[in-house]
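Chemist: A single structure is presented below for examination.
Nothing in this text is a laboratory measurement; each read-out follows from the coordinates by a stated rule. A quick note: this is a predicted structure, and the numbers were derived from the prediction, not measured. All Cβ positions, glycine included, derive from the backbone under ideal geometry; neighbour counts span all protein chains shown.
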């Protein structure tokens, strides 16, 4: 899996492009890459993706695509042209949608001369708990729903899944070939904010996470570089 710090993707969850650039510069070489989500991408567009890539950093474009297969394929082809390393679709969009997205992203990357990005299927958002799934009319609990959606991702032959730390061990056992990208990471004693299913970095890695997506514990730290280093050290002790 490479060096411990390379397993950390920092979430640049802000609409402020200058703040995102500043954090990316400060953490250059200290983490594996940066996650650009819906808020920042709508605010800045593809331009910031290109800027972050010029820092020689990997980009995880987390737009959680979910639409009819043809529309998602078109968006994924454009994402492939950007040269990002990973991007997300919603697993509940179905097997055909995921297959089309995966193929189109590869085509777009090939057209632009980039390596193909990894398509990640989002299972159940970490902000949801069992009660939320019941309200939505989903068959729960969360662990059952995540396993079912990861099975669809396996059938679609995408590169991996996004799941909470609470399901990662079960998915490692059921689908060992899938990469597991895990948000909902919080430090011991820290606030869970709007996350319902969380764990510490060491626990998530020990349970089978391949990559951790970490936002506020690094972004809001007094010294983000020191916070990133401390998390990398914890990963090293756990691996």
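Chemist: Given the -39500 (n - 2.57) contribution per DSSP H run of 4+ residues, what per-residue ellipticity at 222 nm results for the chain, rounded to the nearest 500 deg cm²/dmol?
Modeler: On the way: 11 runs with 113 residues, N = 239.
Taken over the chain, the calculation gives -14000 deg cm²/dmol.
Chemist: Then there is this: Let me know the shape class of segment 1-67, please: from the alpha-carbon gyration tensor, a ≥ b ≥ c as square roots of the eigenvalues, rounded when a/c is under 1.5, otherwise prolate if a/b is greater than b/c, or oblate.
Modeler: Values: a/c = 2.04, a/b = 1.34, b/c = 1.53.
Taking the square roots of the gyration eigenvalues as a ≥ b ≥ c, segment 1-67 is oblate.
Chemist: Name the most mobile residue of 36, 79, 68, meaning the one with the largest mean-square fluctuation, in a Gaussian network model of the chain with Cα contacts below 10 Å.
Modeler: Of the options given, 68 has the highest mean-square fluctuation.
Chemist: For segment 163-181 and segment 45-105, compute the distance between their C-alpha centroids and round to whole Å.
Modeler: Centre-to-centre distance over Cα atoms comes out at 21 Å.
Chemist: Shape of segment 4-238 from its Cα gyration tensor (a ≥ b ≥ c, root eigenvalues): rounded if a/c is under 1.5, otherwise prolate when a/b > b/c, or oblate? Show your work: numbers first, answer last.
Modeler: Working: a/c = 1.59, a/b = 1.06, b/c = 1.50.
Taking the square roots of the gyration eigenvalues as a ≥ b ≥ c, segment 4-238 is oblate.
Chemist: Using every alpha carbon pair in segment 49-119, what percent of pairs falls into each 10 Å bin from 0 up to the bin containing the largest distance?
Modeler: The distribution over segment 49-119 is 24, 54, 19, 2, given as percents.
Chemist: I would also like to ask the following. Shape verdict for segment 1-141, please, from the Cα gyration tensor: rounded (a/c under 1.5), prolate (a/b greater than b/c) or oblate. Before the final figure, lay out the partial values.
Modeler: Numbers: a/c = 1.83, a/b = 1.28, b/c = 1.43.
Verdict is oblate for segment 1-141.
Chemist: Taking the Cα of residue 26, stepping 7 Å toward and past its beta carbon, and measuring to each backbone N in segment 197-236: which are under 17 Å?
Modeler: Counting backbone N atoms under 17 Å from the label point, the list is 214-232.
Chemist: Fully extended, how many nm does the chain gain between residue 14 and residue 134 (0.36 nm per residue separation, minus their Cα-Cα distance)? Present the calculation step by step, with values, prior to reporting the outcome.
Modeler: Details: separation 120, 0.36 × 120 = 43.20 nm, distance 3.08 nm.
Extending this stretch completely gives an extra 40.1 nm.
Chemist: Quick one: work out the % antiparallel among DSSP beta bridges in the chain, nearest 5.
Modeler: Approximately 0 percent, going by the DSSP bridge assignments.
Chemist: Under a GNM of the chain (C-alpha, springs under 10 Å), which listed residue has the highest mean-square fluctuation: 44, 14, 203?
Modeler: Among 44, 14, 203, the largest GNM mean-square fluctuation belongs to 44.
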